[in-house]
1. I'm trying to understand the selection: among the residues of segment 513-523, which are farther than 28 Å from LYS593 by Cα and open to solvent by 30 Å² or more (accessible area, probe 1.4 Å)?
2. From the set of residues in segment 483-500 that are among the hydrophobic types (A, V, I, L, M, F, W, C) and in a loop (DSSP other than H, G, I, E, B), which is surrounded by the most Cβ atoms within 10 Å (Cβ to Cβ)?
3. Scan the strands (runs of 3 or more DSSP E) fully inside segment 328-446 and keep the ones with 1 or more residues being away from ligand 3 (no atom under 16 Å from the Cβ), of a type in the set (A, V, I, L, M) and over 29 Å from GLY495 (Cβ atoms).
4. Could you go through segment 114-134 and let me know if any residue there is free of Cβ contacts under 8 Å to residues at least 12 places away in the same chain, more than 20 Å from THR202 (Cα to Cα) and surrounded by fewer than 22 Cβ atoms within 10 Å (Cβ to Cβ).
5. Name the residue, out of LYS267, LYS221, that is within 14 Å of ligand 1 (Cβ to nearest atom), farther than 24 Å from ASN508 by Cβ and under 16 Å from the mean Cα position of the chain (by Cα).
6. How about segment 447-459: which of its residues are open to solvent by 10 Å² or more (accessible area, probe 1.4 Å) and not in a loop (DSSP other than H, G, I, E, B)?
Amino acid sequence: MQMTDIKNVELKSWLQKWVDLTTPDAVVICDGSQKQNDELCNQMVKSGTFIKLNNPPNSYLCRSDPDDVARVEERTYICSEKQEDAGPTNHWRAPADMRAEFDVLFKGCMKGRTLYVIPFSMGPVESPIAKFGVELTDSAYVVVNMSIMTRVSDTIIGKIDAGAPFVKCVHSVGMPLEDAKADLPWPSAPMEKKYITHFPETREIISFGSGYGGNALLGKKCFALRIASVQAHDEGWMAEHMLILKLTNPAGKVKFVGAAFPSACGKTNLAMMEPTIPGWKVETIGDDIAWMKFGEDGQLYAINPEAGFFGVAPGTSMHSNPNAMRTINAGNSIFTNCAITLDGKVWWEDHDDSPSELVDWVRRPWTPACGRKGAHPNARFTSPARQCPVIASEWEDPKGVPISAFLFGGRRKTVVPLVNEAKSWEHGVFMGATMASEMTAAARGGAGQLRFDPFAMLPFCGYHMGDYFKHWLNIGNKPGAKLPKIFYVNWFRRGADGHFMWPGFGDNSRVLEWIFNRCDNAVSAKETAIGLLPDPKTFDLKGLNMPQADIDELFGVDVEGWKAVLPQMEEHFAKFGDRLPAELPKQLNELKKRLG
Ligand SMILES: Nc1nc2c(ncn2[C@@H]2O[C@H](COP(=O)(O)OP(=O)(O)OP(=O)(O)O)[C@@H](O)[C@H]2O)c(=O)[nH]1
Ligand SMILES: O=C([O-])CC(=O)C(=O)O
Ligand SMILES: [Mn+2]
């Protein structure tokens with residue numbers, strides 16, 4: 001397909017405008033074919049961007065610039081017309097100013113490069129919940145990753161020609177290739193020129209200077225969360241940073257669960273886990289993002305808008321996440337910022353293999369004794385979801401799957417118990433709005449610090465977070481709604497000596513069992529000041545041999561600990577000013593009273 005084959009006037013003129021500004025040497029329309037992808041991979045092997053691996057098959061390693069390894073929240077902007085619509089949790093730039101700056105930054109920025117046009121669908125193309133986008137990029141790395149993460153096809157252009165709306169996404173690595181100058185393996189722009197910007201009113205994304213994951217694969221965080229959260233608010237549905245899993249009990253009864261945990265807090269692991277308790281089965285619908293709409297029966301139906309996994313590599317092993325390893329090992333994967341063994345296999349911390357020598361992610365020789373990490377802590381694998389051995393048969397069902405429970409969670413060393421059921425939808429929204437987590441390597445800076453991350457959406461909500469809380473409350477007020485039950489979980493509680501109190505991973509199935517049974521009112525819960533907690537006597541701890549002191553902490557209410565966070569919650573709420581829905585301070589007051 002050629003530019004001249006595009007009929008839709010809006011698409012055509014938008015594309016022409018960016019071609020004129022960025023002056024690429026060539027324009028290529030991506031068709032999503034294996035042939036085109038293989039050609040791009042071969043080209044990147046030749047240019048030194050990719051290394052073809054010996055194993056897994058048809059897979060590549062890419063090492064980024066050491067300064068371009070994660071999302072950059074401090075360079076991420078919501079460019080709404082009014083600053084107050086971006087809210088206190090987003091960086092804001094006036095759209096006209098931002099566009100004027102882009103006119104300068106993008107001028108000639110694709111010189112010497114190819115502009116790829118990527119037509120893609122978020123969600124199964126025929127799903128009423130799916131949406132289309134077109135990403136323009138000068139990065140072949142972005143093209144091949146988008147081809148795994150989304151459904152890329154030139155047939156989408158036909159649908160846009162026929163009138164389907166689309167989100168406009170523009171990306172450049174921000175480094176023109178001057179005549180005769182050799183390209184870098186990972187071109188990118190310096191930090192002060194990187195911009196990841198969203199124009200909610202016009203449903204546009206413009207990203208400059210970074211090639212990494214959530215900064216550059218614009219279908220993911222930028223579209224499927226920041227822009228989609230605005231669309232969802234306006235249209236009465238939900239776009240959430242949630243995995244979706246299918247849970248089957250030993251009697252063969254099925255429930256679907258959505259779970260929101262911040263980046264690098266266990267979504268991929270939970271979505272693919274192998275239960276340690278007999279007879280239970282977990283299958284995957286999605287591992288990062290859920291789009292949900294009410295069905296006629298009043299239930300929320302969820303689709304996974306993505307088609308692949310962009311998973312955290314370090315920590316992934318046959319022990320922790322065997323199904324992720326099997327997905328990867330089936331091949332057709334791209335690895336970013338992992339180490340490579342001398343015989344051409346990828347490696348990262350806690351990998352099943354223990355090589356005595358390798359080349360680390362910054363291309364230096366590495367040995368286990370050298371004291372450095374072999375892979376970057378935010379090293380990632382990109383793999384097709386269809387290769388996951390536990391992908392659920394419903395994962396591409398256009399109507400989505402009905403959700404019975406929402407889980408919220410994060411990394412909390414102290415205070416927060418293993419699982420806590422909300423007393424009501426409103427209490428559950430309060431739990432989501434006061435979620436906090438210790439920061440990870442998935443975003444630059446601040447790792448380990450505790451921060452409030454409401455609904456795991458702090459970096460991803462495309463509008464005023466106070467209005468987003470209201471949207472959650474409104475969902476609960478929809479007439480005839482059959483709402484999911486809400487639970488707050490914490491796999492990361494630690495003892496004084498730093499050990500994890502809860503074994504986690506496959507043993508999280510024990511928590512899923514309790515949740516499943518709570519949805520059916522088949523097990524009781526203790527009413528406490530903070531919510532409904534399991535009784536460790538009726539909770540399945542068989543075979544764990546946990547110290548009683550850990551059980552007491554995981555299943556108890558740390559009254560003093562909770563009291564100590566109340567002022568922080570108050571301060572957190574104060575940020576939202578008059579856009580904070582009254583239900584939330586009311587819930588906080590009730591919690592305060594119950595704690596005494
Ligand atoms: N202790 C403990 N660690 C866990 C558990 N589940 C996941 N982790 C670790 O948490 C890290 C991130 O897990 P992921 O499942 O990749 O996180 P994610 O939420 O999918 O991350 P994003 O892709 O950034 O959104 C890995 O190092 C895991 O080993 C658990 O139950 N217990
Ligand atoms: O967006 C990314 O780069 C990776 C990711 O899933 C997250 O950080 O939540
Ligand atoms: Mn994520």
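1. Passing the criteria: GLU513, ASN517, ASP520, ALA522.
2. My answer is TRP491.
3. 334-336, 339-341, 401-409
4. So far as segment 114-134 goes, no, none of its residues is free of Cβ contacts under 8 Å to residues at least 12 places away in the same chain, more than 20 Å from THR202 (Cα to Cα) and surrounded by fewer than 22 Cβ atoms within 10 Å (Cβ to Cβ).
5. One residue alone meets the criteria, LYS221.
6. LEU450, ARG451, PHE452
Every residue, every condition in (1) within 16 Å of ligand 1 (Cβ to nearest atom); (2) in contact (Cβ under 8 Å) with a residue 12 or more places away in the chain; (3) in a loop (DSSP other than H, G, I, E, B), yes or no:
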residue: TRP502; (1), (2), (3): yes, yes, yes
residue: ARG510; (1), (2), (3): yes, yes, no
residue: ASN517; (1), (2), (3): no, no, no
residue: ASN521; (1), (2), (3): no, no, yes
residue: SER524; (1), (2), (3): no, yes, yes
residue: THR538; (1), (2), (3): no, yes, yes
residue: VAL557; (1), (2), (3): no, yes, yes
residue: TRP562; (1), (2), (3): no, yes, no
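Conditions (1) among the charged types (D, E, K, R); (2) more than 23 Å from the chain's Cα centre (by Cα); (3) at positive phi, marked per residue:
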| residue | (1), (2), (3) |
| --- | --- |
| GLY123 | no, no, yes |
| LYS131 | yes, no, no |
| VAL142 | no, no, no |
| MET146 | no, no, no |
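The values are calculated or read from the model by the stated rules, or taken from the named source; none is laboratory data. Fair warning: this is a prediction, and the values are worked out from it, not measured in the lab. Cβ coordinates were reconstructed from backbone atoms using ideal geometry, including for glycine residues, and neighbour counts include every protein chain displayed. The area values use the complete protein model at the heavy-atom level, side chains included, leaving out ligands, DNA and RNA. Shrake-Rupley method; radii C 1.70, N 1.55, O 1.52, S 1.80 Å.
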